[in-house]
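Novice: Dumping the structure here so I can ask a few things about it.
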Amino acid sequence: MRGLKTSRVQRPIVEPTQVFILLLHPIAALLVIREFVRQREWRKEGVALKGAARADALARHEADGERLFRLVIAVVGLAFVARAVSVVVAGKSLDWGVLLPGHFHGWGGLLGLALMTYLWSLGRKTSARKAAGEKFARMKDLHGRLSDVMMGLIAIHAFLGFLYLLQLLG
């Protein structure tokens, strides 16, 4: 056993600038998740409200939904920008292959953006049908159920993102 040598693989140390850049996306994402949770409170709040208070709360829910949709787009865009800047700071060459997700978390984010777009679209269609005096109950129900499913997917996505971040920083 005396002649046995162990090999330690030297991993590059992540610089503080890279850590800061890599943390921008998860911090922004946590803030957006908090807003998504607040937005979903409408499902309980809307049932209890009546009259003008309900109309005001619904208008706020719709406006917040528009803002939340833009924030989700910004967070996904921030992930790509953070990745690009991190690659440049590390001294590597930037190409499309580097920007494409190479892990489930990244592809899940793009899927989440697609689902959020559909959720946003359902909300707008529900509002338009209601304003036009058309039937909207099924669409409203689908909008609420999709938000429920998305909440579970968001939790999984955030956990996978945490694991991916540990992998990058570790």
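Novice: For segment 41-66, give me each residue that is assigned to a helix (DSSP H, G or I), open to solvent by 60 Å² or more (accessible area, probe 1.4 Å) and of a type in the set (D, E, K, R).
Specialist: The answer is Arg43, Lys44, Glu45, Arg54, Asp56, Arg60, Glu62.
Novice: What residue, among those in segment 104-142 that are under 23 Å from the mean Cα position of the chain (by Cα) and charged (D, E, K, R), is nearest to Glu62 (Cα to Cα)?
Specialist: Within segment 104-142, the match that is nearest to Glu62 (Cα to Cα) is Arg124.
Novice: Now a separate question. Just name the residue that is farthest from His143 (Cα to Cα) out of those in segment 67-99 that are open to solvent by less than 40 Å² (accessible area, probe 1.4 Å) and of a type in the set (Gly, Ala, Ser).
Specialist: Ser86
Novice: OK, next. What are the residue pairs meeting all of these: first residue in segment 101-116, first residue over 16 Å from Leu71 (Cβ atoms), second residue assigned to a helix (DSSP H, G or I) and open to solvent by less than 20 Å² (accessible area, probe 1.4 Å), Cβ atoms under 7 Å, and 6 or more apart or on different chains?
Specialist: Within 7 Å, the pairs are His105/Gly161.
Novice: Inside segment 143-153, can you point out the residues that are more than 20 Å from His61 (Cα to Cα) and surrounded by 12 or more Cβ atoms within 10 Å (Cβ to Cβ)?
Specialist: The first filter runs over segment 143-153 and keeps only residues more than 20 Å from His61 (Cα to Cα), leaving 152-153.
Answer for segment 143-153, where residues must be more than 20 Å from His61 (Cα to Cα) and surrounded by 12 or more Cβ atoms within 10 Å (Cβ to Cβ): just Leu153.
Novice: Check every one of the helices (runs of 4 or more DSSP H) wholly within segment 70-170 and list those with 3 or more residues that are over 30 Å from Pro16 (Cβ atoms), of a type outside the set (A, V, I, L, M) and at pLDDT 95 or above.
Specialist: The helices (runs of 4 or more DSSP H) meeting that bar are 104-131, 137-169.
Novice: Condition first: small (Gly, Ala, Ser) and within 30 Å of Val87 (Cα to Cα). Now tell me which residues in segment 13-46 satisfy that. Please lay out each step first, then the result.
Specialist: First, pick out the residues of segment 13-46 that are small (Gly, Ala, Ser): 28-29, 46.
Once the filter is applied, which keeps residues that are small (Gly, Ala, Ser) and within 30 Å of Val87 (Cα to Cα), segment 13-46 yields Ala28, Ala29.
Novice: Another question, if that's okay. For segment 127-170, how many residues meet the condition of being among the small types (Gly, Ala, Ser), closer than 18 Å to Arg43 by Cα and in contact (Cβ under 8 Å) with a residue 12 or more places away in the chain?
Specialist: Step one: filter segment 127-170 for residues among the small types (Gly, Ala, Ser), giving 127-128, 131-133, 137, 144, 147, 152, 155, 158, 161, 170.
The next check asks that each one be closer than 18 Å to Arg43 by Cα; those that pass are 127, 137, 144, 147, 152.
Still in the running and in contact (Cβ under 8 Å) with a residue 12 or more places away in the chain: 127, 144, 147.
Selection size over segment 127-170: 3.
Novice: Could you identify the single residue in Gly102, Gly109 that is crowded, with 17+ Cβ neighbours inside 10 Å and farther than 21 Å from Arg43 by Cβ?
Specialist: Answer to the selection: Gly109.
The values are calculated or read from the model by the stated rules, or taken from the named source; none is laboratory data. Model, not experiment: these values are computed from the prediction. So basically every Cβ, Gly included, is an ideal-geometry build from the backbone, and we count neighbours across all protein chains shown. Each accessible area value is taken on the protein alone, full model and side chains, heavy atoms only, with ligands, DNA and RNA left out. Shrake-Rupley method; radii C 1.70, N 1.55, O 1.52, S 1.80 Å.
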